[in-house]
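Okay, structure first, notes after.
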Amino acid sequence: MPHGVIEQIPRFLTWYNAAFLLRAASFTLALSAVGSVVGILAGGAIAVLRRTRGWALAPLRGLGTLYVELFRRIPFLVTLLLVFYATQLGGYDMPLFAIGAIAVSLISTAYLAEIVRAGLASVHPNQWHSAAVANFSFMQTLRLVVIPQAWSVVLPPAFGFFIMFLKDTALASQVGVVELTYAGKTLNNRGFAPVLTFGAVLLLYFAMSYPLTLLGRRLEVLVARPRHR
Amino acid sequence: MPDLAIADLHAAYAGRTVLGGVSLNVASGDVVGMIGPSGSGKSTLLRVLVGLLPPVSGLVTLDGATVDYRRKADVRALRDRLAIVFQQYNLFQNMTALENVMVAPVRIRGRPRTEVRAEAIDLLSRVGLSERMNAYPDQLSGGQQQRVAIARALALKPEILLLDEVTSALDPELVGDVLDVIRGLAAAGMTMLIVSHEMSFIRDVASRVVMMADGSIVEEGRPAEFFREPQTERARAFVGRIRWHRD
Amino acid sequence: MTYTLQFGQVTRYLPFLAEGGLISLALAFLAFAGGMVLGLLGAMGRTFGPRAVQRGVQAYVVFFTNTPQLVQIYFLFFVLPEAGILLSPFQAVLLGMTLNAGAYLTEIQRAGFATVPRGELDAAETLGMSLTQSVRLVILPHVVKTLYAPLSNQYIIMVLGTSMAAVFGVEELTGRAFSVNAETFRSVEVFSIVGAMYIVLTLIATLALSVVGRLMFRVRMPTL
C-alpha cells in the first residue's frame, strides 16, 4: 500500500466528508427510485398498450414496440448525454438531477415495459376468455383478473432492476449530477488517496445494493408462495 | 319460435375451415346434446356462438334478432343472455370460489353486493360446495372447480347455457358430481347446448342429439332413436364404436 | 432562440465512428473472453472447490455484482498507478470489465452446471462411458445448450457497457463521439447518430449470435 494513506485516514473520516458522501448516496437512491417508479408506470402503460387489439391503436402499438426494442440497445451514457445536450438546445436551465432522472426514466421505461409484458404474458389466455364471455371490458379484465395474477411475476425482476439502476446511475456523474460516484471524484480531486475515496464509494454502493439484493431474494420467495397459506 | 337459430354458419381457424355450414335451432327448454369425433367442430361452434371466434359467414339470431359478431354492442348483448362453461373450468385464479361467482354480477352488471352474495352462496350450495366457497381454485379438485364454473355461469342468469366438454378434463371418479348438477339443471327446465363425450349421459339428459363430423351436422334426432338406429353411415359407425358404461 | 439540426457536418465522420464501433465490439469480446475464463474457474471453484475457495469465490461475486462497474474501473485506474502498476486506459478498462464480467459469468455458468440432469449422467455411466467421454458427450453439450442464450445476452449487455470506456479516454464508439463533438459542437446530432449506431451494432451482434447458435449448437433464440 502506498505510503501516506494510513496517515490520511483520520483526515478523511470526518463528519463533513461522511455527510457529503451520504447525501450523495441519497441522490443515487433517489435517482434509481424515480427511474423505477416512472419506469413501472410508463413501461406498464406501454406493455398494456401492446396487448390491445383493433386498428385504431395499431400505430401506437408499433411505436411502443419500437421504443422498447430501441432504447434497450442504447448505452445509458449515450442516452444521458443526449438528454443533457437536448435540454440545453431549448435554452432552459434544467437542473442536473432532472436531466439524470429523465435519462434513467427513458431507459427504465423500456426495460420495465419488457418485464411487465412478460408478467402479463404469464397469465393464461383462458383467463382473458373467461372474462370476455362475462362481458368484462379490456380494462376490467386487466384490473380484476390479469394484474392481480401478474404482479407476483413482475415484482422480483422489477426489484432487481431497481438495484441494477442503483449501480448504473454512477454514469450520471459524467454530466455533473452530484450522486455517489461524483462525490467520490470530488473528494479524489481534493487530494485524498483514491484508495480511500473510491474505496469508500464502493463500500457505500455495496451497503445499499447488497441488503436490497437479499431483500429481493426474500421477496421472490414470499410472492411465489401460493396465496392461501 | 326458437330462442336461438343458427343458419349456415361458417368459421375458419388458422386458415383452416372448422365449421362448414352449420344450421341448428334451439328452442326454449331444449337440451341439445352435441356429439361427434374430436375435431368435428362441436367446441368450435360454442366458441363462435359466444363470440370468441368470429364467424366467416352465416346467420345467428336470438329471438328473431340477428347477431352481428363484428359489432361490440351485439356481442355484449348476446353475452348477457348466453353463458359458457369451459372444458378447463378457467376459474379466475386470483379469486375464491365465492368471488368467482360474484365478480361479474357485482362488478360488471353493477348489482348490489349483498343480494348477489346471497344468490352466490345459494348457487354454490346447489352444486354442493357451500363449505368450500372461500377456497381458491388451486385448492379445489377439478370436479369442484368445474362445479364452481357452472355456478359462476348460472350467476349471470343466462337464458341459454353452453357446456363445452365439461367433464373431459376430470378424473373419472369426479365426473358423476358434475353430471348430477347438469341433470338437475335440465330437470329445472334450463335451455342447454351440451358438448360431451359421455354418451349415456347425453342419452339420458338430452331432448335432442346432434352429431357433427368434419365441421358440419351429419344427423340429428331424439336420443332414444338416434342411439338405437342411426340413419346415416357416419352416425352408425360412430355409435357402433361407443362402449356404454354401466350406470 | 431556435436550433436547427444539421447532420451534414457529422456525416463525414461516420467511417471514423463506425471504426470506433468495431473497437467497442472488440473490447467487449476481449472482456467477455477473459470473463468466461474467470467465470469458469469461479463456477468450478464454487461448485467443487474446498470450503475456503467457495467462500472466496462467493465474496468476489457478491462484491463485484453489488458495486458499479464504473467505480470499479475508477478504483483500478487511480489506485494501480499508486501501487506502481502502470496501465494504459484501454488496459485499465479491459481489466475492470473482465473482473466485472467474471463475477456475472461465474453466476451464469454455475447455474448451467446445476441444470445437468442427473438421469443423463446415470445413463452415460450405464452405457459404459468414461468420465471424459461423459463430460464431452453429455455435460458440455447440455451446458452449452442451456447457457448459450444467457451468455449471448450478457455479451450484448457488455457491448453497451463498453461505452463507459470513453470516460477514461478510450477511443471506442462513445470515445470517438466525444472527439467528433469537440470538433463540430453538433452534440445532439453526434449522440443521436451514435445511439443509432449502438442499436445497429447490437442488432448485428444479436443476429450473428443467433445464427451461430442455430448452426453450431442447435439453440433457438428469439431473434430480437
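All of the numbers you see were taken from the coordinates with simple rules; none came from a lab. Given the structure is predicted, the values throughout are model-derived calculations rather than measurements. Every residue, glycine as well, gets a Cβ built from its backbone with ideal geometry; the counts of neighbours run over all protein chains shown.
Here is how the numbers come out for the structure above:
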| item | result |
| --- | --- |
| All Cα pairs of chain A, percent lying beyond 33 Å | 32 |
| Whole-Hz ³J(HN,Hα) from phi, Karplus 6.51 cos²θ - 1.76 cosθ + 1.60, for the stretch B:124-138, glycine and proline x | 5, 6, 5, 8, x, 10, 4, 7, 10, 5, 9, 8, 7, x, 6 |
| Kirkwood Rh and Cα Rg combined as Rg/Rh, the stretch B:151-247 | 0.97 |
| Coarse-grained scattering of the stretch A:17-129 at q = 0.11, 0.17, 0.18, 0.20 Å⁻¹, given as base-10 log I(q)/I(0) from a Debye sum over alpha-carbon atoms | -0.46, -0.89, -0.96, -1.08 |
| Most fluctuating residue given options A:I40, A:I107, A:I147, as computed from a GNM of chain A linking Cα atoms under 10 Å | A:I147 |
| Hits among lysines - C-alpha to C-alpha of B:K157 under 23 Å, sequence gap 8 or more where chains match | B:K72 |
| Cα Rg, Dmax (largest Cα-Cα span) when computed across the protein assembly as shown, Å | 32.7, 106 |
| Whole-Hz ³J(HN,Hα) from phi, Karplus 6.51 cos²θ - 1.76 cosθ + 1.60, for the stretch B:104-118, glycine and proline x | 5, x, 7, 7, 9, 9, x, 7, x, 4, 5, 5, 4, 4, 4 |
| Fraction in percent of alpha-carbon pairs per bin - 10 Å, the stretch B:89-157 | 24, 60, 15, 0 |
| Neighbouring partner chain Cβ atoms per residue of A:65-77, average, 10 Å criterion | 6 |
| Residue among A:F84, A:F97, A:F206 with the largest mean-square fluctuation in a Gaussian network model of chain A, springs linking Cα atoms under 10 Å | A:F206 |
| Gaussian network model of chain C, springs between alpha carbon atoms under 10 Å - residue of C:S210, C:S152, C:S130 with greatest fluctuation | C:S130 |
| Nearest-ten-degree value, helix C:89-114 long axis tilted from longest Cα axis of chain C | 30 |
| Residues with amide H under 5 Å from that of B:V31, placed H, sequence gap 5 or more | B:M192, B:S207, B:R208 |
| Cα gyration tensor shape for chain C, rounded if a/c is under 1.5, else prolate or oblate | oblate |
| Span from the the stretch C:193-224 Cα centroid across to the the stretch A:104-180 one, whole angstrom | 25 |
| Chain B: C-alpha pair distances exceeding 21 Å, % | 58 |
| Over the stretch C:133-224 - Rg/Rh using Cα atoms and the Kirkwood inverse-distance radius | 1.17 |
| Given chain C, longest segment not containing exposed loop trypsin sites (Lys or Arg not before Pro) (DSSP; at most 13 other Cβ within 10 Å) | C:13-217 |
| In degrees, nearest ten, helix A:76-89 long axis to first principal axis of chain A (Cα) | 90 |
| Relative contact order for chain C, counting Cα pairs under 8 Å that sit 6 or more residues apart, in percent | 30 |
| 5 angstrom amide H check on B:G58, placed H, neighbours 5+ away | B:H10 |
| Inter-part distance where the stretch C:119-136 and the stretch C:71-90 are each reduced to a Cα centre, Å | 47 |
| DSSP-assigned coil residues among trypsin sites (Lys or Arg not before Pro) in the stretch B:88-124, each with at most 16 further Cβ atoms within 10 Å | B:R109 |
| Relative compactness, the stretch B:1-55, computed as alpha-carbon Rg over 2.2 N^0.38 Å | 1.15 |
| Phi to ³J(HN,Hα) by Karplus 6.51 cos²θ - 1.76 cosθ + 1.60 over the stretch C:8-18, Hz, x for Gly, Pro | x, 5, 8, 4, 5, 8, 3, x, 4, 5, 4 |
